[in-house]
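Following: one structure in structure tokens, then a few remarks.
The values are calculated or read from the model by the stated rules, or taken from the named source; none is laboratory data. Keep in mind it's a predicted model, so treat the numbers as computed, not measured. Positions of Cβ are backbone-derived with ideal geometry, glycine not excepted, and every protein chain shown enters the neighbour counts.
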Ligand SMILES: *Cc1c(COP(=O)(O)O)cnc(C)c1O
């Protein structure tokens, strides 16, 4: 690939310079510094509208998966479009509430929720706790009993559906994986729940993986949930009003093939045909990935062992997906649309051989000081950034038309040590 991939919506070239909507990326780099994540608000709106159009007429509600990009301004933008959220931690609960979501807009997923997280979620009045194990259910019953409420529960089922994602780490819906309650245990759990006083079964959920390019596994998961729902209702164990089909919708310009939204809507229709149900979907990447780029400055070039190496000021601490998932991201020059003529490894400054963005990639012939742009980095970019090598995390900028704003300040060196002490305050046991 390389420069052959079409620019995602929101990104255009004018006289060689790369623009995000109405703002030149080099303007942002000059004002805010590099590395910097830049997001197009219009691209997020477009993706949301495309999805909404595809499911129009169906009782579908979008719950954005916060972990894809959890910045408050992004959450607030999605809230303004009508989305709820799917969270996986107490920290994400905090973010969702800060961004203005009501408890009833929030679905709480995750394989290892602590008692304290469950308590906070129940107190916040979340729409559902998506319970992933019998142990978690017991803890939730205790927590809800102590507070004196009945917690709404959706059982996350492991539907044993195999998906073909670009990397094994992004598959979650097969037997033996840590996610969800095994298919053959769900009815037993529903029976047990019918005797529990402080948890109420309201639905079933599945989330089978990420970067899924084919609608078939969604149809299989929908059928599995519908089948279980009917069994549960025929035994009069509960009346189910929610079927949650999770996220995972694949996008282009990364490493997956983009999902055909019409086929996806057909898969949702299988679940929506059940009377009296609301269908929830939890897209993360689909809504934000293509809206974002990571802008980084070239620091050095060198040759080694017959290879050309381009060293950038962004590293794996800023953007770990190529190292973690071997993900492919198109890399462009921000200032020139010259034909790519340089075959190089694009690497970061972190002291790890795994710190690279691309190997043997054909890019523009860049020099130190030039800006490079990694595409489709709006999802699982900043939200996975760390301080490894004591590198302050980058800034995030939102572009809306011809305006831009820093939505997350670049961390400072002082931020790195703010919670540490060189003089420990010992506690005697
Ligand atoms: C991560 C996650 C999602 C979102 O996945 P995407 O691939 O970003 O769409 C949705 N639901 C659950 C439970 C998740 O863990």
- Message: So, residue 162, is that one surrounded by fewer than 20 Cβ atoms within 10 Å (Cβ to Cβ) and either modelled with pLDDT of 95 or more or in a helix (DSSP H, G or I) (or both) or not?
- Response: no
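May I ask you to say which residue of 268, 280 is away from the ligand (no atom under 14 Å from the Cβ), within 22 Å of the chain's Cα centre (by Cα) and modelled with pLDDT of 95 or more?
Matching residue, one of 268, 280: 268.
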- Query: How many residues are surrounded by fewer than 19 Cβ atoms within 10 Å (Cβ to Cβ) and under 20 Å from residue 35 (Cα atoms) when one looks only at segment 290-310?
  - Reply: 4
- Item | Selection within segment 401-429 - within 24 Å of residue 46 (Cα to Cα) and within 21 Å of the chain's Cα centre (by Cα) | 406, 407, 408
- Query: When you go through (1) touching a helix residue (DSSP H, G or I) at 6+ places or on another chain (Cβ under 7 Å); (2) touching a residue at least 60 places away in the same chain (Cβ under 8 Å); (3) under 23 Å from residue 146 (Cβ atoms) one by one for residue 109, which number turns out not to apply?
  - Reply: (1)
- Identify the single condition in (1) closer than 30 Å to residue 314 by Cβ; (2) over 18 Å from the mean Cα position of the chain (by Cα) that residue 103 does not satisfy, given that it satisfies every other one. (1)
- First in segment 133-162 and on the phi > 0 side of the Ramachandran plot, second anywhere and part of a helix (DSSP H, G or I), Cβ under 7 Å, 6 or more apart: 160/183
- Among the residues of segment 195-215, write down those that are in contact (Cβ under 8 Å) with a residue 12 or more places away in the chain and more than 10 Å from the ligand (Cβ to nearest atom). 196, 197, 198, 199, 200, 201, 202, 203, 204, 213, 214, 215
- Selected residue (criterion: surrounded by the fewest Cβ atoms within 10 Å (Cβ to Cβ)) from residues of segment 170-194 that are outside any helix (DSSP H, G or I) and away from the ligand (no atom under 16 Å from the Cβ): 176
- strands (runs of 3 or more DSSP E) (entirely within segment 35-106) containing at least 1 residues that are in contact with a strand residue (DSSP E or B) (Cβ under 6 Å, 6 or more places away or on another chain) and away from the ligand (no atom under 16 Å from the Cβ): 36-40
- Message: I need the strands (runs of 3 or more DSSP E) fully contained in segment 207-313, keeping only those with at least 1 residues that are within 30 Å of residue 187 (Cα to Cα).
- Response: 242-244, 278-281
